[in-house]
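Take a look at the structure below.
The values are calculated or read from the model by the stated rules, or taken from the named source; none is laboratory data. If you're wondering where the values come from, they're calculated on a predicted model, not measured in any experiment. Glycine also receives a Cβ, built like all others from the backbone with ideal geometry; neighbour counts cover every protein chain displayed. Remember, those area values only see protein heavy atoms, side chains included, never the ligands or the DNA or RNA. Shrake-Rupley method; radii C 1.70, N 1.55, O 1.52, S 1.80 Å.
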Amino acid sequence: MKSVCVFCGSNSGAIADFAGAARLLGKLLAGRQITLVYGGSSFGLMGELARAVIEEGGEVIGVTPSFLLEKEKPLGGLVDLRVVSSMHERKALMESLSDGFLALPGGLGTLEEFFEIVTWAQLGMHRKPCGILNVCNYYGKLIEFLDAAVEKQFIKPQYRKLIIVEKEPDTLLNHLEKYQPPKVDKLLNQKKT
Ligand code: AMP
């Protein structure tokens, strides 16, 4: 695995453990020589993560839409800053640059970006691993919801397994590195109504 895209909060959250986990993940990525692909911001967990990768000698690629560039200065020290014209283009480029995807704690932006990437996996548009770093059980209720959606038959068990959940970044990266994609047949397996 040469690169991982991380979606995370543009804020740092209520407790210091979130920033601590972002920095630890950044350090581990640099140590494994995995390039970080992310949104390019210097704010919040995004900034904590990217700065940690750079401080440890790792490589970071920022992908940002031009309208955000007008509002803020991107983080210094990036090996590359890709400026795109829309959020849609940004996500597509992030997908093509990355061998796997992670969500750290974050808000609406993080959730939207991560779940779109998971739905692309469900549709067989990519076969790359998707993981959640469940720092301090931040995503506990979301994971309960996903399991309830399986029980209620809106998510098939094999698609629920597309989302790897771990609380330790090192363990999560190990899972991503040895990931074997499941067979996906979302479009071929629709019940006729
Ligand atoms: P949120 O989880 O709502 O804080 O949103 C975080 C996500 O939205 C990130 O993954 C970014 O893609 C995007 N985002 C939000 N704020 C910024 C920003 N200031 N600079 C770049 N991207 C941002």
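Under the convention that each Lys and Arg Cβ holds +1 and each Asp and Glu Cβ holds -1, the size of the dipole of the stretch 3-177 around its Cα centre is about 240 debye. Using θ = phi - 60° in the Karplus curve 6.51 cos²θ - 1.76 cosθ + 1.60, the 3J(HN,Hα) couplings for the stretch 158-174 round to 5, 7, 4, 6, 5, 9, 8, 10, 9, 9, 9, x, 5, 5, 4, 5, 4 Hz; x is entered for Gly and Pro.
With the highest mean first, a sort of the peptides 144-154, 23-33 on other beta-carbon atoms found within 10 angstrom per residue produces 23-33, 144-154. Derived scalar couplings between HN and Hα for the stretch 12-17 equal 9, x, 7, 10, 5, 4 Hz in order, rounded to whole Hz, by the Karplus curve 6.51 cos²θ - 1.76 cosθ + 1.60 (θ = phi - 60°), x for Gly and Pro. Here the sum of -39500 (n - 2.57) over DSSP H runs of 4 or more residues, divided by the residues of the chain, equals -13000 deg cm²/dmol at 222 nm, to the nearest 500.
Placing one equal scatterer on every Cα of the stretch 6-155 and applying the Debye formula, the log10 ratio I(q)/I(0) at q = 0.19 Å⁻¹ is -1.21.
Express the Stokes-Einstein translational diffusion coefficient of the stretch 30-88 in µm² s⁻¹, to the nearest whole number, given a Kirkwood radius over alpha-carbon pairs, 25 °C and a viscosity of 0.890 mPa s. The diffusion coefficient I find is 214 µm²/s. If the segment from Val79 to Glu177 were pulled out straight at 0.36 nm per residue, it would be longer than the present Cα-Cα gap by 33.0 nm.
A cut-off of 5 Å between modelled amide H atoms, ignoring neighbours fewer than 5 places along the same chain, links Ile132 with Ala103, Ile164, Val165, Glu166. Packing around the peptides 64-73, 4-13, taken as the average count of other Cβ atoms within 10 Å per residue, puts them in this order, highest first: 4-13, 64-73.
Surface exposure of the stretch 75-193, expressed per residue as accessible area with a 1.4 Å probe, stands at 59 Å².
Please report the carbon-and-sulfur percent of the accessible area for the stretch 44-135; probe 1.4 Å, protein heavy atoms only, DNA, RNA and ligands left out.
Details: 2180 of 3960 Å².
Heavy-atom surface of the stretch 44-135 belonging to carbon and sulfur, 1.4 Å probe: 55 percent.
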